[in-house]
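Report on the following structure.
Coordinate-derived values only; no laboratory data. Treat the numbers as computed from the prediction; the structure is a model and nothing was measured. Ideal geometry is used to build each Cβ from the backbone, glycine not excepted, and the neighbour counts take in all protein chains shown.
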Amino acid sequence: MIEYVVQQVVNALAAGSLYALMAVGLAMVFGILRLINFAHGDLMMIAAYVAAFGLGAGLALELTIPLMVGGTVLVGLLMERVAYRPIRGAPDVATLLSSFAVGQILQNGTLLTTRLAGQPTLIAFPAPAGLGGVAAVGPITVPLVNIVSFVAGIVLLGMLTVFVTRTNLGLSMRAAAEDLSAAQLMGIKVNRVVATAFAIGSALAATAGLLFAVQAGQINPYIGFTPVLKAFIAAVIGGFGSIAGAVLGGYILGALEVFVTAVAGIGDILPPGSVSPEVRAFLQQWLPSALASYRDAIVFLFLILVLLVRPQGILGQRDRGDSL
Amino acid sequence: MLELTGVEIRYGNIRAVRDVSLTVGQGELITLIGSNGAGKTTTLRSISGLLRASAGRIMFEGEDITRAPTDRIVAMGISHCPEGRRIFGSLTVGENLRLGAVTRADRRAVAKDLGEVLEIFPVLEQRLGQAGGTLSGGEQQMLAIGRALMSRPRLLLLDEPSLGLAPLMVERIFATIAELKRQGLTILLVEQNVHHALDVADRAYVMETGRMSLEGPAHVLRRDPRVEQAYLGGGEVRA
Amino acid sequence: MAARRAAGPAMAVGLSALAFALLDASGQAFWQGLVINLLIFIILTVSLNLTSGFTGVFSLGQIGFMALGAYASAILTLPLREKAAFLPDLPSWLAGVHLDWSVGPLPVGFLVATLIAGGLVSVIAWPVGRVLMRLSGHFVAVATLGFLVIVRVILFNADGFTRGSRTFSNVTQYTNLWWAGLWALVVVYVVWRIKRSTYGREMLAQREDRVAAQAIGIRVMEPRLLAFVVGAFFAGVAGSLYAHFITSFSPTVFYFDLTFRVITMLVVGGMGSVSGSIVGAVAIVALGEALRRVEDATLLYGLSSIVLAAMFLVVITVRRGGLLGEREIPLDRLFLRRDRTADQSP
Ligand SMILES: Nc1ncnc2c1ncn2[C@@H]1O[C@H](COP(=O)(O)OP(=O)(O)OP(=O)(O)O)[C@@H](O)[C@H]1O
Ligand SMILES: [Mg+2]
């Protein structure tokens with residue numbers, strides 16, 4: 001039983017790290033531009049593809065990672081420049097819809113490229129040495145990638161914290177997120193700050209993409225869609241536009257998901273004799289294992305609940321009056 | 001130093017400011033007064049490049065800045081302390097001040113200026129680590145002015161620094177403005193508090209519904225019956 | 001005067017009917033299918049326009065309603081033998097239902113199933129709308145996207161009703177040019193009437209500036225909710241038509257690609273313009289078909305989506321109002337031209 005709990009906690013932290021890495025990028029861009037960039041998930045997908053091709057071509061992981069991060073950041077900067085800068089200041093919905101269009105272009109562009117390269121739509125992700133396999137501590141076994149995800153999340157988010165508090169550029173980013181025109185009056189170059197946010201967001205999404213692909217074992221051009229939705233939920237839960245909120249939201253969401261999966265069917269897996277038959281029957285009826293397949297629906301219900309009850313999220317403040 | 005000629009500014013189809021001309025000379029303290037919605041803030045925003053003039057020209061130290069981006073205008077030495085203070089509430093007082101100097105590379109000089117600003121506003125020193133949003137209104141105004149000073153401006157644009165402050169604090173702020181002028185800073189001050197503004201200013205401009213209606217030395221305008229009528233409480237003569 | 005105003009639209013309807021009759025007689029199955037497809041898209045786009053274009057409350061959940069409508073009506077019209085074979089776990093009150101009545105050549109059962117599907121979807125839309133229409137901007141967009149995901153998860157998991165991820169097939173092909181055309185006519189007419197009504201004006205007024213509209217006493221919630229529920233009804237109808245047109249489908253059909261396709265039609269045509277939605281649907285269906293042929297010939301699959309998405313970006317960037325903005329093609333003035341000067345004199 002205790003192993004089960006420990007494993008679930010590690011799973012929750014690993015999932016939380018991935019969501020946090022994704023949500024931070026969304027939140028940074030949203031904070032400055034009020035743009036929900038749904039194509040953010042596709043950056044993650046692109047990273048997974050670059051990594052798959054790099055590793056597939058026999059490149060070492062140490063070489064693949066810089067290539068992947070560099071490629072993803074390039075795509076992220078390009079999308080800001082080509083698609084989002086021309087419509088800066090447009091109504092919310094117009095920018096949101098544009099990001100869907102950008103996502104379509106990235107997904108189908110990837111599809112087209114893989115076809116031209118003679119690859120199938122769904123390709124197996126070559127598990128790199130050092131990320132595959134399981135780690136065992138006594139009776140507890142955890143996939144290694146989950147531990148790496150958790151550690152990578154903590155390290156990168158720590159670095160990000162240092163960046164936004166210690167450097168002038170990081171400070172400018174926070175100022176721009178809070179009040180764009182006041183930030184301009186400080187002499188901050190908006191384009192530069194926006195590009196920085198996209199670059200950092202892309203790099204974090206790239207990391208998440210690699211880890212996600214290792215976990216899933218296979219990739220297709222559409223793998224970014226669900227994660228970006230989840231990251232969005234994480235960002236909203238935490239308080240949209242706030243980096244700390246996005247991180248917090250990411251871990252809350254990870255915990256919530258793992259919790260739903262873990263309690264589903266709990267009545268069946270409790271060791272015999274640990275609970276009375278009535279309790280077991282009750283659990284089996286109300287927490288059936290089928291509940292796990294409703295996980296995404298439950299998560300979205302939670303999102304809608306948060307939007308209604310506390311639209312500014314846990315750490316967010318009511319701002320500029322345009323959020324609701 | 002600063003010269004606006006025939007400036008017109010639109011919000012969409014609405015002309016908020018038309019044919020505004022104004023000059024600020026080196027070392028002068030100029031005040032721009034006028035009732036609500038006259039276009040004072042709009043004029044300042046066009047000087048700092050947040051709004052684009054649809055006609056006319058804005059020159060700063062012989063250079064045309066009509067179409068220059070805000071960051072360039074700030075770099076040239078114009079600092080705009082905006083209406084409503086607009087400090088970054090979730091950032092600390094220290095971070096707010098640092099942001100004022102965010103474009104300056106010389107860390108040593110910035111540290112020295114921080115010392116000077118804290119000398120002008122000693123309250124801020126005790127609050128450096130506190131979130132800006134938790135300051136009182138008067139403290140926030142001091143922070144906003146201090147932040148604007150951190151860029152080492154040659155021209156300071158102040159938009160209603162006394163807005164919403166208690167009388168004692170208003171006195172404090174105007175004393176500071178007078179002191180900054182004494183130190184040689186050029187200031188363009190937008191105010192609703194016409195008494196005080198005319199007291200400290202060298203010259204004044206009066207705006208009405210988007211146009212300049214009057215201009216002249218501050219002490220002359222103070223006696224102008226039109227100004228008295230409109231802004232100094234109907235004919236009441238102040239000593 | 002009224003007769004003259006009606007003359008333009010009547011002529012358009014008459015000409016369409018004539019074209020349908022010719023197409024019907026021609027036996028060109030491919031073109032018939034394309035036009036039916038187009039008509040279903042017109043219904044979807046016009047109904048999304050009502051829900052989102054008029055009110056500015058952008059819903060991404062429209063295709064979720066369409067999916068519910070498709071499954072609901074398909075279950076109702078599925079022949080009993082197929083029902084027993086494919087959906088053995090259906091509750092008994094549904095297992096024996098087979099809406100196959102017809103009056104002469106007219107499949108009334110299909111009509112009833114479609115109406116029930118639309119009604120059911122509206123009943124679901126009402127509480128959903130009550131909750132979500134309070135939000136605005138991109139938050140409502142994302143919340144409704146959440147609704148789409150929830151519908152999808154339910155469709156995948158409600159095996160007993162939907163066969164889960166497996167294909168739902170053997171649906172009778174009732175939908176033809178006439179059904180699709182009639183429903184499209186109904187939808188266009190109703191939405192156009194709503195636009196002209198007090199409700200419609202309130203929708204457009206609060207779209208521009210919700211706070212200002214509220215300040216002068218314009219209702220916000222009621223028109224939004226009306227638009228949402230009526231829009232959902234027609235999306236359900238579109239789902240029913242679609243189900244009885246392609247005859248086999250699975251939950252994956254009703255997801256984001258389709259959503260984005262309809263949004264493209266709406267934005268290209270112009271949010272707030274009924275005729276714009278028709279123009280948008282025609283343009284995108286035609287372009288999509290042309291691009292599909294290019295894809296087939298060159299094997300560059302994905303190209304059509306890229307081109308459509310790029311076009312969408314260009315429209316949003318350079319002409320945000322779409323082709324028509326809020327304006328309508330003035331069909332009703334087609335025969336008023338000569339009287340115009342007389343009209344305008346005070
Ligand atoms: N963002 C905006 N969009 C449209 N109109 C605006 C905007 N900002 C200001 N205006 C209009 O422009 C005119 C001038 O406004 P401005 O803020 O410059 O006045 P002001 O002189 O600073 O007034 P106050 O003393 O109240 O601050 C007003 O009529 C105002 O309604
Ligand atoms: Mg003002």
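Tabulated results
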quantity: Qualifying residue in segment B:25-46 (condition: surrounded by 22 or more Cβ atoms within 10 Å (Cβ to Cβ), within 20 Å of residue A:189 (Cβ to Cβ) and either of a type outside the set (Gly, Ala, Ser) or under 15 Å from the mean Cα position of the chain (by Cα) (or both)); calculated: yes
quantity: Tally of residues being surrounded by fewer than 12 Cβ atoms within 10 Å (Cβ to Cβ) and under 21 Å from the mean Cα position of the chain (by Cα) across segment A:125-158; calculated: 1
quantity: Whichever residue in segment B:45-63 is more than 10 Å from ligand 1 (Cβ to nearest atom) and within 14 Å of chain A (Cβ to nearest Cβ) and, among such residues, is nearest to residue B:226 (Cα to Cα); calculated: B:47
quantity: Residue in segment A:244-261 that is out of contact with any Leu (no Cβ under 8 Å at 6 or more places or on another chain) and among the polar types (S, T, N, Q) present; calculated: yes
quantity: Matching helices (runs of 4 or more DSSP H) fully within segment C:30-109 where at least 3 residues are aliphatic (A, V, I, L, M) and surrounded by 24 or more Cβ atoms within 10 Å (Cβ to Cβ); calculated: C:62-77
quantity: Residues of segment B:12-29 classified as in contact (Cβ under 8 Å) with a residue 24 or more places away in the chain and within 16 Å of ligand 2 (Cβ to nearest atom), total; calculated: 4
quantity: Options B:159, B:202; residue that is more than 16 Å from ligand 1 (Cβ to nearest atom) and either at positive phi or acidic (Asp, Glu) (or both); calculated: B:202
quantity: Count - residues of segment B:70-106 that are free of Cβ contacts under 8 Å to residues at least 24 places away in the same chain, facing another protein chain (nearest Cβ under 8 Å) and part of a loop (DSSP other than H, G, I, E, B); calculated: 1
quantity: Extreme residue, surrounded by the most Cβ atoms within 10 Å (Cβ to Cβ), among residues of segment B:138-156 that are without any contact (Cβ under 8 Å) to a residue 60 or more places away in the chain and away from ligand 1 (no atom under 16 Å from the Cβ); calculated: B:142
quantity: Residue within segment B:159-166 that is closer than 17 Å to residue B:81 by Cα, over 15 Å from the mean Cα position of the chain (by Cα), away from chain A (no Cβ under 14 Å) and within 16 Å of ligand 2 (Cβ to nearest atom) present; calculated: yes
quantity: Selection status of residue A:274, over 22 Å from residue C:133 (Cα atoms) and assigned to a loop (DSSP other than H, G, I, E, B); calculated: yes
quantity: Complete set of residues in segment A:56-70 that are touching a residue at least 60 places away in the same chain (Cβ under 8 Å) and surrounded by fewer than 24 Cβ atoms within 10 Å (Cβ to Cβ); calculated: A:56, A:61, A:64, A:65, A:69
quantity: Any hit, segment A:189-200, residues being within 14 Å of chain B (Cβ to nearest Cβ) and more than 23 Å from residue A:82 (Cβ to Cβ); calculated: no
quantity: Hits in segment C:147-159 - residues which are at the interface with chain A (Cβ under 9 Å from one of its Cβ atoms) and without any contact (Cβ under 8 Å) to a residue 40 or more places away in the chain; calculated: C:149, C:153, C:154, C:157
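Residue-by-condition table, conditions (1) more than 14 Å from every other protein chain (Cβ to nearest Cβ); (2) in a strand (DSSP E or B); (3) more than 14 Å from ligand 1 (Cβ to nearest atom):
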position: B:7; (1), (2), (3): yes, yes, no
position: B:16; (1), (2), (3): yes, yes, no
position: B:19; (1), (2), (3): yes, yes, yes
position: B:23; (1), (2), (3): yes, yes, yes
position: B:26; (1), (2), (3): yes, no, yes
position: B:43; (1), (2), (3): yes, no, no
